Amino acid sequence: MKGMSDIAANLESVRERIRAAALRSGHDAAAVELLAVSKTHPVESIQTALNAGQFVFGENRVQEILIKQPQLPEKVRWHLIGPLQSNKVRKVLPLVEMIHSVDHLEIARDINRIGGELGLHPRVLIEINLAAESSKHGFTPEKIREQLEQLYALDRLYIQGVMCIPPFDPMPENTRPYFVKLRELRDELEKLGGAPLPQLSMGMSHDFEVAVEEGATIVRVGSAIFGSRPSKEPTPPA
Ligand SMILES: *Cc1c(COP(=O)(O)O)cnc(C)c1O
């Protein structure tokens, strides 16, 4: 079993690898936010990370944020990184400082409307499905070019950047072209929309260093900090 002290050591090691990747690629390491992805892990693990100076955590399910948030100090900052359904928007908006996963126009409209009703200005990222994978959420590059203006018309939203989950490849170097593509699309959308999109949310446990080299401003790191998650597959009988 992973000891609690491993979490502190893992955090330090991930931070050090971010610093090194930023240094060798001419980026400012201080401008890279480490989002600790705590999904499936218990509040005790989050508390340990908090004690080690980690304040910002990512969850992919609203339900899990609703359960964990009241059990932890208020200084914990939450980001939603998984798909959001309309009927959960009202509950989650007051609890999260950023939603990374705005993946279609309708949910953006719901967040905008409910944000207005709650007196909030939600900070969001646009999720991009770079490889147009049918199994993945997000705007394809074509779709976002087409619908950017409609997103910018939603006046409660602070649209702060873009996010991607590239096709998995065990070799991080093979994912680099996707990170480059996301950055270039971001640059294009800034010109198209006439507004800055400073945040690039990209890179996970196995490829965050490459993402930092390509300009990531938020890396979403789970298993490299908290250890592996329980497998979704049921364990076959022995
Ligand atoms: C689970 C998850 C991560 C973290 O994955 P690790 O490989 O454990 O680092 C990052 N982003 C999203 C959207 C996730 O769902």
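Nothing in this text is a laboratory measurement; each read-out follows from the coordinates by a stated rule. This structure is a prediction, so every number in the text was calculated from the model and none was measured. Cβ coordinates were reconstructed from backbone atoms using ideal geometry, including for glycine residues, and neighbour counts include every protein chain displayed.
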GNM top mover of N174, N87, N112 - the chain, alpha-carbon springs below 10 Å: N87
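Please state the charge dipole magnitude for region 166-210, taken about the Cα centre, from unit charges on C-beta atoms (+1 on K and R, -1 on D and E), reported in debye and rounded to the nearest 20. Kindly include the intermediate steps, with their values, before the conclusion.
On the way: 5 positive and 8 negative charges, 29 e Å.
Result for region 166-210 is approximately 140 debye, rounded to the nearest 20.
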Could you give me the ³J(HN,Hα) list for region 64-80, computed from phi with Karplus coefficients 6.51, -1.76, 1.60 and θ = phi - 60°, whole Hz, x at Gly and Pro? 5, 5, 4, 6, 7, 3, x, 8, 10, x, 5, 6, 5, 9, 10, 10, 8
Built amide H within the under 5 Å cut-off of L130, gap 5+: I165
For region 128-143, just list the computed ³J(HN,Hα) in residue order, Karplus coefficients 6.51, -1.76 and 1.60, θ = phi - 60°, integers in Hz, with x standing in for Gly and Pro. 10, 9, 4, 9, 6, 6, 5, 7, 10, 7, x, 6, 6, x, 4, 4
For the chain, the dipole about the Cα centre with charges only on Cβ (Lys and Arg +1, Asp and Glu -1), to the nearest 20 debye, works out at 520
Nonlocal amide H pairs with T40, under 5 Å, H built at 1.01 Å: none
Coil-residue GluC sites (Glu not before Pro) of region 53-131, DSSP, other Cβ within 10 Å capped at 16: E74
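Quickly rank 183-194, 10-21, 207-218 as a protection proxy: mean count of other C-beta atoms within 10 Å, highest first. Don't skip to the end; give the middle numbers.
Numbers: 183-194: 15.0, 10-21: 16.9, 207-218: 23.3.
Listed from highest to lowest mean packing, they are 207-218, 10-21, 183-194.
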How many angstrom lie between the C-alpha centres of region 59-117 and region 125-140? 19
Normalise the Debye intensity by I(0) for the chain, one equal point scatterer per Cα, no solvent, then take log10 at q = 0.08, 0.14, 0.18 Å⁻¹ and round to two decimals. -0.29, -0.93, -1.47
